Structures are given as C-alpha cells and as structure tokens.
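Report on one structure; see the data block that follows.
The values are calculated or read from the model by the stated rules, or taken from the named source; none is laboratory data. In this text, all values refer to a predicted model and were calculated from it rather than measured experimentally. No Cβ is skipped: glycine too gets one built from the backbone with ideal geometry, and neighbour counts run over all protein chains shown.
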Amino acid sequence: MIDILLMEPSSINKRRRVSNKLMGHDHAPPFSLAQILAKLKNIRGDAAEYMDEHYKTLMMKLSTHTDVKVVYADSAAQAAAEIKRINNGRQIAVNKSSVVNNEIVPELLQSNLRIIETYYDEFKPSDPKLNEYLRLPDLEIDSVFNAFQITTHPDISRKNSVAQNGSKDFTGLLGLNAISAKDGTISLFQHMGNIGAIYEQARKIIFVVGMDKIVRNSEDAIFQTKSMAAFGWQALLKAQKFHNEPTPHLSIKDMPFNISPADTDQEIHLIVLNNGRKNLQNSRYKDLLACIGCRGCMKDCPVSSFFHVSGKWNPKEYISYYVQGRHPSLDICLQCKTCQMNCPLDIDIPDMILDARADAMKNGKLPLMHNLLSNFENIAKWSTKTPYIANTLSKNNLIRNLGETFANVSIKRKMPEFQKLTFEKWFENRKNKEGRN
Ligand code: SF4
Ligand code: SF4
C-alpha cells in the first residue's frame, strides 16, 4: 500500500506554541516565512516544469501496486465517467478540494448523482475542537505552518474500522493536495476530521489529483500540503460564512454501517486529471500551474462571491475557468490587486485578467454588453437624431427585459435621456447669448 498522510491543525500544538511565545521560550520555528516561501516557489516551479516527467515516474511507481487502480483523465467529463463507472449510482461524499468541487462535481450533477458536502458536518459552530483552535490567539504563518499534526496511517484506521463495522453505502471522492512522483505518497489536509471519516467509512474510495499537484518526492508533498493549509486557513473560514449550511443537508454521520467487510472495496482508485493543465504549460497563463489551491487570493477579494452563482470560485479559479472556456468574460474583477498580495506564490492574477480582456477585445470576443457600452458613441449618434423614440424605447419594460437577458444590463439601471441638442451646440448657443448680453 502507498503511504497516505493526513494533516490537520492541532489545538494542542497551537496551545503549546502560544504559551511558549507568551513565556518567552519560543524557539525559532524550523522554517521562517522567507524560507517557506522560497522552498514553496522551488517545489511549484519544479512541478509545473516537469509535469509530464513526474506523471510518468508516478505511473511507473504505481504500476507495482496492485491495490491502487490508476486512470488518466484528459477532461473532467472523462473523470466523471470513470467515477460513475466505479461508483455505480451510490451517493458520493466529497471533500472541499477545488479539483473535486469545481471541476468534477458539476459533471456528476448532470447525471443527478447525490453529492454529500461533508464540510457542513465538520464546521458545526459548537464543535469544541474548532472553538478551542479559534479562541487561541492567531499565530504568525511560520508558527501555523509548524503546528500541524500528521496522521501517518489512516489506511490502518480504515482497515480496523472496516474489519469491525463494515462500511457505509457511499463512495468517498477526495481531491489530493499533493502526491509524490517518486514513491506515490499521498498527502491531504483536513481541518477537523471530515476526510478521516470519509476515508474510514466509505464503501469505495476514489482519489483525484490534478497533474500539476504531482511533486518530486514525499518531502515536497508534505511541505506543499502544509503550505496550502497555513496560507488558506483564514480564507477558508471567510468562505464558510458565505456558504451557510443548507437545510436539510445530506450527511454521512447518520448513515448506517450496512455493508459487510467482504463487500467493502479494499483497493483505492486514483484519477490523474489533466483538464487543460498541459495546455497552460507554454501559455501566457503558465503561472497558474504554480497555484497550491490555498484560496488566499479569495480572502480579501471584494467581488469573489459574484464570480459564479455558487459563490465558491476564487480569483485563480475565475481566470483558470475563463481560459478553459467555462465562462465568457472577466468583467467582474476590479483590478484591486489584493489577490496577488495575498498569494504566497505571488501569482499575478490581475495582470493575466487584463491580458485576457485585451485579447478578447482584439479578437472581437467581447460579450454583447461590452460591445454596446464600449461603442456607446455609435448608440448616442443615432439616438440623438430621434431622441423621443430612443427615450421611449429605453423606458419600455420589454426592451429593458431583453437588455437584461441578452446584454446583461440590469433592468434596474436607468438609462440617461437623449437630447437632440448636443453639448457643443448648447455651449455655442450659450456663448452667443452671453456675447449679445
Ligand atoms: S484584482 Fe480582481 S480578482 Fe484580484 S482581488 Fe481584486 S477584484 Fe478580486
Ligand atoms: S492563486 Fe495563490 S492564493 Fe490563490 S489559491 Fe493559488 S496559491 Fe493560493
């Protein structure tokens, strides 16, 4: 069996670090912030540049493991088809990873599969572990980074639990934070226990990893996962506030252990997903491959909750999915640059957004609203010739409805009234009148 490492924030470790700090006994953490950022940049640079090589090394390594079934999926649709084949109509419990939630779940929902978002179980406001962690004072990033607890053998917990209780009739679909090409070590981060519960109780386990998250070795996999967690913690809590628990929601907690050990899948399935990642390598957007998925860029973005109806896309996802052709424009971004400032990899998302907008303009791919509003002088030229007709039409509810539907101009927006008299003419008349007086 390959090694599976599960990391989570530990209130005991945090308490220890806080009390040491207060008593003046705090030793310098093993990695300073500058060292963390430098090492992380190296790991991500290597993963992006040698993506194909790491993939081949990983496949060779995993070919010697009979208990891991690996499949390469070129697109999210292919990955979803493979998941449906393995899952065979059961409910699917997912973790919060972007690759699962934003790339694969939309495909699965098209087949009316029931998806269980286990985060709602994890973040109960009354959870004593979470409350204790949050009540402790905030630590510097380097201290947070060094305060995680690593569970090294969730596979043994699963084995023991299955032998004793059997399993529950759902499939666990878990996105990985990193996987080591050299030895196949899998690394995952959980905040309070949902991944551990899915892994222990599911009848079948499917892991999904984006090709860009294959790193050179297990040391890099652990480092990357810890970084993802340390830089993303606050963003995650903010995102939780946006997405209140739906009532009622599906949960794995109340499901019975009704599958016998013999009917529980012992092997694990791993899907390595491309979904446009290879195309980024030699493109203007290649820096997106450096992303660790921490969601730090979402933390202070003033408009991220409007990027998608789900409210779950962060700025990196907003530009990535545009590049993949999943949405038509990038007009919501305000170019405030806070996403770049909060990104541990310094990924210049606003600059990519600007370039993408410029390309769209050059290639005539601007949405109708942009075409209309950026060439407003044409509209104005004709409207001022027949202002009565133009003003009547712009106040007409049917026209306003069509404008909202096809050009994305809100029905609440009042259009300026057109006049026959131009400003130039008005000014000239006024000048002449004042001259006469
Ligand atoms: S630059 Fe755009 S994407 Fe980045 S934080 Fe500001 S509004 Fe959000
Ligand atoms: S772009 Fe940067 S901040 Fe955003 S998720 Fe990726 S690594 Fe984190």
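Tabulated results
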item	result
Qualifying residue in segment 63-76 (condition: over 15 Å from ILE179 (Cα atoms), in contact with a strand residue (DSSP E or B) (Cβ under 9 Å, 6 or more places away or on another chain) and part of a helix (DSSP H, G or I))	yes
Residues satisfying the stated conditions in segment 278-317, i.e. near ligand 1 (Cβ under 10 Å from one of its atoms), part of a helix (DSSP H, G or I) and more than 17 Å from ASP348 (Cα to Cα)	PHE306
Filter result for PRO328 (more than 16 Å from ligand 2 (Cβ to nearest atom), part of a loop (DSSP other than H, G, I, E, B) and either outside the structural domain of ALA34 (by TED's automatic domain parsing) or hydroxyl-bearing (Ser, Thr, Tyr) (or both))	yes
Pair list, Cβ < 9 Å and 6+ apart or interchain, from segment 145-171 residues that are not assigned by TED's automatic domain parsing to the domain that holds PRO256 to residues that are surrounded by fewer than 17 Cβ atoms within 10 Å (Cβ to Cβ) and at pLDDT 95 or above	none
Selection within segment 270-306 - hydroxyl-bearing (Ser, Thr, Tyr), at pLDDT below 95 and within 13 Å of ligand 2 (Cβ to nearest atom)	SER304
Residue in segment 428-436 that is of a type in the set (S, T, N, Q) and in a helix (DSSP H, G or I) present	yes
Close pairs from segment 340-359: first near ligand 1 (Cβ under 9 Å from one of its atoms), partner assigned to a loop (DSSP other than H, G, I, E, B) and of a type in the set (Val, Ile, Thr), Cβ under 7 Å, at least 6 apart	GLN340/ILE347
Scope segment 307-321; condition modelled with pLDDT of 95 or more and under 14 Å from GLY232 (Cα atoms); matching residues	PRO315, LYS316
